[in-house]
Amino acid sequence: MIAPMITPMLALDEKRIIVTGGGRGIGLALCTAIIDAGGYVGILDILKEPHPDCQALVERSGRCYYFNCDITKRESLETAFGKCVGALGGHIDGCVTNAGIGTDKPFLDHTWEDFERVVAVNVTGTFFPAQLAVRQMLSQPVCERGGARGSIVMIASAAASHNCPGHLLTAYGGTKGFVKSFAMQLGHELATTGIRVNSISPGYIETDLNLDLAKIRPNVKHYFTEAPPMKRIGHPKDIAGGLVYLLSDVAAYVTGHNLAIDGGMSTGNGLTR
Ligand SMILES: NC(=O)c1ccc[n+]([C@@H]2O[C@H](COP(=O)([O-])OP(=O)(O)OC[C@H]3O[C@@H](n4cnc5c(N)ncnc54)[C@H](O)[C@@H]3O)[C@@H](O)[C@H]2O)c1
């Protein structure tokens, strides 16, 4: 028999979640979904001026806090993370490592600086926020209900697992391969602690970043709609649904998993038909 408790378990009531890179794009959609599901959010983002919708979320919800921070700089990250935990009442139930940057160019055109920057944001900027979150969660009492302590979700990419037509992603894909593998390894290591760790791999998602790219490289627009077997570009909301699931108690038995949300691209791209 199906348990009748699924809908309440999907709610994030009173859960306190830190989100890196929530100032715009996919991260902002994730923060909006967390608030919508009843949670509280602390955002860490390098933007001095986050997207107006982010500012509105902070001002109107009363459950969203924004901290300017560079996740690649130890002092900046540790200071902002501490303030964020304080604003959330000294307790966190989740952490979403979403901040990331891309490089999209031929392998031989990558400079040392390009590579160092993408590794700093996507690798260092995932590893250490996760470490701070785990340290904080382990310092908190275990939830009496099911022994849960927290949920960490890392935003990887379809590029971690396969080629994405229209893009050249050696450096970016390599860093996202780290994110996917790191989530699996950490999920395994923490499995008995009550902390779950999973990753989400989005395919092509309609963000300002991609829409701007399509203006200067019109051919990528074709791939956004034709390469996914479902024949449409993804929406940030598509990622938000998966995130709420992984943060919620519905996913209590799920750890070390990579959830592809990509219109079927992980099955092979639609251009091959
Ligand atoms: N858009 C897509 O199609 C797509 C596909 C797969 C994966 N992703 C991943 O999703 C995540 C979000 O991407 P997006 O498309 O919303 O990009 P975006 O550029 O709109 O958002 C990224 C956010 O991260 C923040 N950020 C960047 N560097 C930072 C730093 N050093 N410290 C703190 N914050 C920093 C930015 O200010 C921004 O708010 C990224 O990890 C990206 O790799 C995106």
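Rule-based calculations on the coordinates, nothing more; no lab input. All values reported here derive from a predicted model rather than from experimental measurement. Here Cβ is always computed from backbone atoms with ideal geometry, including for glycine, and neighbour counts include all displayed protein chains.
Things to note:
- Flag if VAL19 is closer than 21 Å to ILE92 by Cα, more than 13 Å from the ligand (Cβ to nearest atom) and within 18 Å of the chain's Cα centre (by Cα): no
Okay, residues lined up against (1) within 14 Å of the ligand (Cβ to nearest atom); (2) crowded, with 18+ Cβ neighbours inside 10 Å:
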{"residue": "CYS95", "(1), (2)": "yes, yes"}
{"residue": "HIS110", "(1), (2)": "no, no"}
{"residue": "ALA120", "(1), (2)": "yes, no"}
{"residue": "ARG135", "(1), (2)": "no, no"}
{"residue": "CYS164", "(1), (2)": "yes, yes"}
{"residue": "LEU168", "(1), (2)": "no, no"}
{"residue": "TYR172", "(1), (2)": "yes, yes"}
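- Qualifying residue in the stretch 37-53 (condition: of a type in the set (Asp, Glu) and in contact with a strand residue (DSSP E or B) (Cβ under 8 Å, 6 or more places away or on another chain)): yes
- Sole residue being crowded, with 22+ Cβ neighbours inside 10 Å and within 23 Å of ARG24 (Cα to Cα), chosen from ILE200, ILE216: ILE200
- Filter pass, GLU59 being of a type in the set (D, E, K, R) and on the phi > 0 side of the Ramachandran plot: no
- Selection within the stretch 97-108 - within 11 Å of the ligand (Cβ to nearest atom) and of a type in the set (A, V, I, L, M, F, W, C): ALA99, ILE101
- Annotation: SER201 fulfils all but one of (1) over 15 Å from MET154 (Cα atoms); (2) near the ligand (Cβ under 10 Å from one of its atoms); (3) not hydrophobic (A, V, I, L, M, F, W, C); the unmet one is (1).
- The stretch 137-150: number of residues that are of a type in the set (S, T, N, Q) and either within 14 Å of the ligand (Cβ to nearest atom) or touching a Ser or Thr at 6+ places or on another chain (Cβ under 8 Å) (or both): 0
- Considering residues of the stretch 39-91 that are more than 9 Å from the ligand (Cβ to nearest atom) and basic (Lys, Arg) only, the residue surrounded by the most Cβ atoms within 10 Å (Cβ to Cβ): ARG63
- Scanning the stretch 24-38 for residues that are within 26 Å of ILE195 (Cβ to Cβ) and within 10 Å of the ligand (Cβ to nearest atom) yields a count of 5.
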